[in-house]
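Some notes on the structure that comes next.
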Amino acid sequence: MQNYREDSELMSVLEPASNEDICLLIDVITDNGKGRMSLDDEVMAALIKVKPSVPFSSKLTIAEEIQKFGGNSLVSLFRGGKGVLYKEIVCDVASHVGANFNEKQDVAQIESSILLKIVEKSLDKMSEEEKKEFFDQFGVRYEGVGPVAMTALIGVIRVSGFAFYKMATIVAQATAKALLGKGLTFAATGGLMRGISVFAGPVGWAITGIWTAFDLASPAYRITVPCVIQLAYMRQKALIQECPKCGAVVAKDMKFCSECGQRMSASPLLIDNKTIEMDK
C-alpha cells in the first residue's frame, strides 16, 4: 500500500469488521461497481473481486482510497498522491453537514455529532406523529421539536451505548438505502434489532430523504459523507453484544449480563451472520 498512511482510527474499525459491512464501503467507493473518475480501474476491479471474502490487504486498500477521497475534499492538505488521516476527514464531513463539534474531540464524539445533525435535519421532514414515533424509539417523551426535546434525545444517546448504536444504525440504514439502493445486512438472529422498527414505514422514508438537505455535488463528498456514516455505525456495532439468555444488550467488554447474570464470555460470537460458540 504505497500511499496508505498509518491510521489507527480507521483500521481499528475496518480490521475486525464483518464482510457485509466492508462490502458496503466497497459499494460506496466503487459507486456500486460502476466506477468513479478518481478511482483507478484496477483498484476498482480488485475490490469488487474480493467482496465474497475481503482479506486484510484489501482493507488497507479501502483505507487508502477513503484517505485519498478525503484528500480530494481537503485540497490544501493533499500531498504527493497520499490522502489525509481519518480524523481530518471526519472533521471535514462534520463541517460540511453543519454539525456542532470541536476538533479536539475524539473521532467517535465527532461521528456522533454528525449523526445527530442528520437526525435533526430529518425531523423537519416528519409529521408530528412520525416525530413522536421516532422519539419513542429512544424512550424520550415528545412534546414538540425544540432545544429541550433535542437536549433530552442527545442526553439519552450520549449515555446509552445501545441508544447510540440504534441511532447509528437508523442513519446508516437510511444512507445506504438513499445512496446505494439497498440497506444494511443484519444477522439472522436479529436480537440487536429488536426495537428498531423505525426502518419501516414513513419514518424510515423521512430519514432517507434527508440527502436533499446536504450538498453532495462534490464527487469527494459523495464518498466521504456516506463512508463516515457507515464507519460510525461499524464503530458502535463493535462495542455491544447481545446476551444469549435474556436478549439484553450489554457492552462488549462486560463479563456478565447486567440483566440476568449470564456469563458473557460463554455467549455465541456472531461473525458475518454465522454463530460461533465461545469458551465451550
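The values are calculated or read from the model by the stated rules, or taken from the named source; none is laboratory data. Predicted, not measured: the structure shown is a model, and the values here were computed from it. Backbone-built Cβ (ideal geometry, glycine too); neighbour counts: all protein chains shown.
Within the bounds of the stretch 161-179, is there any residue that is touching a helix residue (DSSP H, G or I) at 6+ places or on another chain (Cβ under 7 Å), modelled with pLDDT under 80, buried (at least 16 other Cβ atoms within 10 Å of the Cβ) and of a type in the set (Val, Ile, Thr)? No, the stretch 161-179 has no match at all. Selection of the stretch 136-149 for residues being over 30 Å from ASP253 (Cβ atoms) and surrounded by 11 or more Cβ atoms within 10 Å (Cβ to Cβ) yields TYR142, GLU143, VAL145, ALA149. If you go through the stretch 209-236 and keep only what is of a type outside the set (Phe, Trp, Tyr) and at pLDDT below 90, you end up with GLY209, ILE210, THR212, ALA213, ASP215, LEU216, ALA217, SER218, PRO219, ALA220, ARG222.
For the stretch 242-255, the condition of being modelled with pLDDT of 85 or more and either surrounded by 15 or more Cβ atoms within 10 Å (Cβ to Cβ) or among the polar types (S, T, N, Q) (or both) holds for none of the residues.
Report yes if GLU133 is over 17 Å from the mean Cα position of the chain (by Cα), touching a residue at least 60 places away in the same chain (Cβ under 8 Å) and surrounded by 15 or more Cβ atoms within 10 Å (Cβ to Cβ), otherwise no. Judged against the criteria, GLU133 is a match.
Those helices (runs of 4 or more DSSP H) of the stretch 1-64 in which at least 3 residues are out of contact with any strand residue (DSSP E or B) (no Cβ under 9 Å at 6 or more places or on another chain) and free of Cβ contacts under 8 Å to residues at least 24 places away in the same chain, considering only elements entirely within it, cover 41-49. So is LYS68 in contact (Cβ under 8 Å) with a residue 60 or more places away in the chain and either outside any helix (DSSP H, G or I) or surrounded by 15 or more Cβ atoms within 10 Å (Cβ to Cβ) (or both) or not? The answer is yes for LYS68.
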